[in-house]
């Protein structure tokens, strides 16, 4: 009854229109599990055809919908033919074992199917932790892994002949397994809500720290990255280099080819820059056509090589794109400082001075700030 009510609540949540489609499948899964379990519990009070094969099949369909809802949440392929085949095969076997002698076979079948289903959910939880870095994926794993083991234990008891023909016999170990499994069913009903909350929180953080067009960090994200590098440098002192990059002739390009072309150039630059950066490097959009690159553990001389590789990569993608009468290039200013002590404002000012020197010398080049060159 609790599973059934929980299913109705989740369907009502979906009906608000504030969620994606996964609450629909999650709600239906709990509804079917609840209805199927009620049917199984009424064995002897209702026809066996309803309480045995049909009720078990409804419960199994609910279990499959649990997996389907998790995969929908994770953006995984639907694979509907596999689900239909799993329901059809289980239905045929349940009909074949629709008698008292088939009790152990039914328990083995349903327990193995449920254990496999829960193990598949555990795998999806691991994928969510790896792909989206959702920490609450560990909660999903923690709630589904034990039930997979419980169902495996239930199958073992049936195979070894330790289960009698009565599903609810008080002297049998199965009711304890059933009660424990039910507790996990209720607890994990909130697992996807926790995952959804974390995903939405991450999306909000991303919106607050990233430039919507290029995916690079914005000024807020840049300051946060500098703060993290400074905190790391207090434990392991190191230098860092800062590149301030300006796309030459960008205003003229917008005036000639339109702002859509300008947006495309910004995207091309961001992709070209990322192709030459390490995972530990930071790319941020300072504003307009100006970008900042932070290179931890590099000197200004080493940063010069990175700057020239970015210029070359940008030139290559522009050559492949073609169709421009105004050819943008990159002017780059380079500054260097101590990661723990150099303020971001100071590094930006020094890089800005080097950038304007680059422009005065003819653009399409990288220049070091005198302090960085002296260092």
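So for each of 21-34, 124-137, 75-88 I average, over its residues, the number of other beta carbons within 10 Å; can you give me the resulting order with the highest mean first?
So the order, starting with the most tightly packed, is 21-34, 124-137, 75-88.
Spin-label point model (7 Å from Cα, Cβ direction): what's the residue 95 to residue 317 distance in nm?
5.8 nm
On alpha-carbon atoms, Rg over Rh for the range 218-370 using Kirkwood Rh?
0.98
Given 10 Å bins starting at zero, what is the percent of C-alpha pairs of the range 85-158 in each, up to the one with the largest pair distance?
Percent of pairs per bin, in order: 21, 36, 26, 13, 3.
If each residue's Cβ is checked for other Cβ atoms within 10 Å, how do 50, 294, 38 rank with the fewest at the top?
Going from sparsest to densest Cβ surroundings: 50, 38, 294.
I need to check one value: relative contact order of the chain, counting alpha carbon pairs closer than 8 Å and at least 6 residues apart, in percent.
Relative contact order here is 11 percent.
Say R0 is 45 Å: what FRET efficiency, to the nearest 0.05, do residue 83 and residue 46 get from their beta-carbon distance?
Numbers: r = 27 Å, r/R0 = 0.60.
The calculated FRET efficiency here is 0.95.
What is the Rg over Rh value, at two decimals, for the range 2-203, using alpha-carbon atoms and the Kirkwood definition of Rh? Could the numbers behind the result be given before it?
Numbers: Rg = 17.0 Å, Rh = 17.4 Å.
Rounded to two decimals, Rg over Rh is 0.98.
Only counting other Cβ atoms within 10 Å, I'd like 325, 37 sorted with the fewest neighbours first.
The fewest-first ordering by Cβ neighbours comes to 325, 37.
Compute the FRET efficiency between residue 20 and residue 126 as 1/(1 + (r/R0)^6), taking r as their Cβ-Cβ distance and R0 = 22 Å, and round to the nearest 0.05.
Efficiency, rounded to the nearest 0.05: 0.55.
Need the full-extension length gain, residue 159 to residue 232, defined as separation in residues times 0.36 nm minus the C-alpha distance. One decimal, nm.
Going from the current span to full extension adds 20.7 nm.
To the nearest 0.05, what FRET efficiency results for residue 346 and residue 267 with a Förster distance of 41 Å applied to their C-beta separation?
Using R0 = 41 Å, I get an efficiency of 0.85.
Which order results if 141, 265 are arranged by neighbouring Cβ count within 10 Å, fewest first?
The fewest-first ordering by Cβ neighbours comes to 141, 265.
Calculate, in whole percent, how much of the Cα-Cα pair population of the chain lies beyond 40 Å.
Roughly 42 percent, once rounded to a whole number.
What is the distance in Å between the Cα centres of the range 51-86 and the range 217-257?
If we compute the Cα centre of each part, the gap is 48 Å.
Given points 7 Å out from each Cα along the Cα-Cβ axis, report the residue 329 to residue 13 separation in nanometres with one decimal.
It is 5.8 nm.
Read-outs: derived from the displayed coordinates by stated rules, not from any lab. Worth saying up front: this structure is predicted, and the values here are computed from it rather than measured. Backbone-built Cβ (ideal geometry, glycine too); neighbour counts: all protein chains shown.
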